[in-house]
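Novice: Here you go, one structure.
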Amino acid sequence: MQPAARSEAIYLDNAATTAPDPRVIAAVHDALVQCWGNPSSSHQLGLEAERAVRVARERVAARLEVAPERVTFTSGGTEALALALLGTARQRPRPGHVLVSAIEHAAVQRTAEQLRAAGHTVETIPVEHSGCVDPDRLAGLLRADTLLVAVMHVNNETGMVQPIEAIAERLRRSHPQARLLVDAVQSFGVLPTRLGALGAHWLALSGHKLHGPKGVGCLVAAPGLALPPLWGGGPQEHGRRPGTENVPGIVGLGVAAELGKGDPSALERATDRLVEAVLTARPGAYAVGDRARRAPHIAAVALPGLRADTLINRLAELGVYASSQSACRSRGPAVQSHVLAALGVPTGHGVLRLAPHRWLDDAQLDRACAVLARALREC
Ligand SMILES: Cc1ncc(COP(=O)(O)O)c(C=O)c1O
């Protein structure tokens, strides 16, 4: 069953957000109608709401192969990442060293700036031309006082999969005190994200990138790791995240986590077809990053001499929604993203991001490819 279409438009912007799955919508609706009790109340309504949160926690935990109590629900990916970054730093008696990859989402980069302002030394881990962090180069940046290393799993602008297992291995071997924070917002539901297999200490997820609701996500912690809450309040979420739980959102996230984002090989075929359509229609265009390291569901194509906003507006007029970079920046002034700059994509090369969803059928893909070719001819 696919989401009810709001228009005939073909949506290729699933790295920005995703349409809620109808099964998620049904579960959220049921939770709003039937589970509106406060999970902390001791009467029947409270117990039902508490049970709904417990089931959702078990569903998320099962996908990551962690114990349910390792999952802390938050208001989304941004808060989960901030909880790990600020919480880790606050636990330390004195300022330390923090490493952040050059391609992290603003949620990590801006929070790392707060750590710098608080006296921590924050350094950037560069990426190679492939769009990926080199674990050996990263190992060379580690210090005896490194508290935290933040490297995302799948980049939201290029789809490049980062070598998390190899990075975790380097940390374990030479700097076991350093914690590894992995932003799995884009990878969860498509790639395997078992916490233990990745070797991460913290993993951040977001509901709305997963055909789930907005305003809900979670931070998942390896066994034995604790964090202080970011603010004061009640004892919810094992004391790690005060505030009455967003029961409908949490229920929706649980269902979305169980459903995932669809068959990775079908997503990959769709992404490949779209990329191919652009490369064929525009001589000189090139896929950003290393194809061998691209996730199935996100790709970026650079178009020398073309303004991305002109192309994206024309695509929208023709009924195809795509974007050029992170949604947080796409309405601001046309400045090149830090991710593309880190990969060395020149400013004059407009970038088109293509991120299909699992409900696209062959007819829609054909239409999307034809529209891409037409818009590229016209722009
Ligand atoms: C890679 C990545 N991390 C974090 C976030 C932030 O998640 P949320 O929108 O749930 O706060 C996003 C959303 O754009 C993202 O793409």
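Bear in mind that the values in this text are calculations on the coordinates, not laboratory data. Here the structure is a predicted model, which is why all the values come from computation and not from measurement. Note: ideal-geometry Cβ built from the backbone for every residue, glycine included; neighbour counts use all protein chains shown.
Novice: Provide the FRET efficiency to the nearest 0.05 for the Arg92-His29 pair, computing r from the beta carbons and using R0 = 30 Å. Mind dumping the intermediate values first?
Specialist: Numbers: r = 44 Å, r/R0 = 1.46.
That gives a FRET efficiency of 0.10.
Novice: Report the residues of region 40-82 in range of a label on Trp231: point 7 Å along Cα→C-beta, backbone N strictly under 17 Å from it.
Specialist: Inside the label zone: 73-82.
Novice: Right, next: Could you go through region 183-194 in sequence order and give the Karplus-derived ³J(HN,Hα) for each residue, using 6.51 cos²θ - 1.76 cosθ + 1.60 with θ = phi - 60°, rounded to whole Hz, and x for Gly and Pro?
Specialist: Working through the residues one at a time gives 7, 9, 4, 8, 8, 4, x, 10, 9, x, 10, 5 Hz.
Novice: Step through the residues of region 280-286 one at a time and calculate ³J(HN,Hα) from phi using the Karplus curve (6.51 cos²θ - 1.76 cosθ + 1.60, θ = phi - 60°), rounding each to whole Hz and writing x for Gly and Pro.
Specialist: 6, 6, 10, x, x, 5, 8
Novice: Using θ = phi - 60° and the Karplus form 6.51 cos²θ - 1.76 cosθ + 1.60, what ³J(HN,Hα) does each residue of region 254-263 get, whole Hz, x for Gly and Pro?
Specialist: So the Karplus estimates, Gly and Pro as x, are x, 5, 4, 5, 5, 6, x, 9, x, 5 Hz.
Novice: Put +1 on the Cβ of every Lys and Arg and -1 on every Asp and Glu Cβ in region 259-379; which of Gly348, Leu303, Ala316 then has its Cα farthest towards the positive end of the dipole?
Specialist: Of the options given, the answer is Gly348.
Novice: Taking Rh as the Kirkwood radius, which is the inverse of the mean 1/r over Cα pairs, what is the Rg/Rh value for region 5-147? Please report the intermediate quantities before stating the final value.
Specialist: On the way: Rg = 20.4 Å, Rh = 19.0 Å.
Over the Cα atoms of region 5-147, Rg/Rh equals 1.08.
Novice: What does the net charge come to around Ala178 if you take all other residues with beta carbon closer than 10 Å to its beta carbon, with K and R at +1 and D and E at -1? Before the final figure, lay out the partial values.
Specialist: Working: positive: Arg143, Arg170, Arg172, Arg179; negative: Asp145.
Computed value for this residue: +3.
Novice: Translational diffusion coefficient of the chain at 25 °C, 0.890 mPa s, Stokes-Einstein with Kirkwood Rh over Cα pairs, in µm²/s as a whole number. Working shown, then result.
Specialist: Details: Rh = 21.4 Å.
Roughly 115 µm²/s, to the nearest whole number.
Novice: Working only with C-alpha atoms, what are the Rg and Dmax values of region 128-280, expressed in angstrom?
Specialist: Spelled out, the Cα radius of gyration and Dmax of region 128-280 are 17.6, 57 Å.
Novice: Here's something else I'd like to know. Work out the length of the dipole vector of the chain about its Cα centre, built from +1 on the beta-carbon of each Lys and Arg and -1 on the beta-carbon of each Asp and Glu, and round it to the nearest 20 debye. It would help to have the intermediate numbers written out before the result.
Specialist: Values: 40 positive and 35 negative charges, 116 e Å.
Roughly 560 debye for the chain.
Novice: Okay, next question. Can you give me the P(r) profile for region 80-211? Cα pairs, bins 5 angstrom wide beginning at 0, each as a whole percent.
Specialist: 2, 11, 24, 25, 22, 11, 4, 1, 0
Novice: Give the Rg/Rh ratio for region 243-328, taking Rg as the radius of gyration of the Cα atoms and Rh as the Kirkwood radius, to two decimals. Intermediate results must be reported in sequence, preceding the final value.
Specialist: Details: Rg = 17.1 Å, Rh = 15.6 Å.
Result: Rg/Rh = 1.09.
Novice: At 7 Å along Cα-to-Cβ for each site, give me the label-to-label distance between Arg116 and Ala292 in nm.
Specialist: Each label point is offset 7 Å from its Cα along the Cβ direction, giving 3.4 nm.
Novice: How many nm separate the modelled label positions at Ala102 and Glu378, each set 7 Å beyond the Cα in the direction of the Cβ?
Specialist: A separation of 3.7 nm, rounded to one decimal place.
Novice: Right, something else. What does the extension gain come out to for Ala67 and Thr124, with contour length at 0.36 nm per residue minus their alpha carbon separation?
Specialist: On the way: separation 57, 0.36 × 57 = 20.52 nm, distance 3.25 nm.
Gain on stretching Ala67 to Thr124: 17.3 nm.
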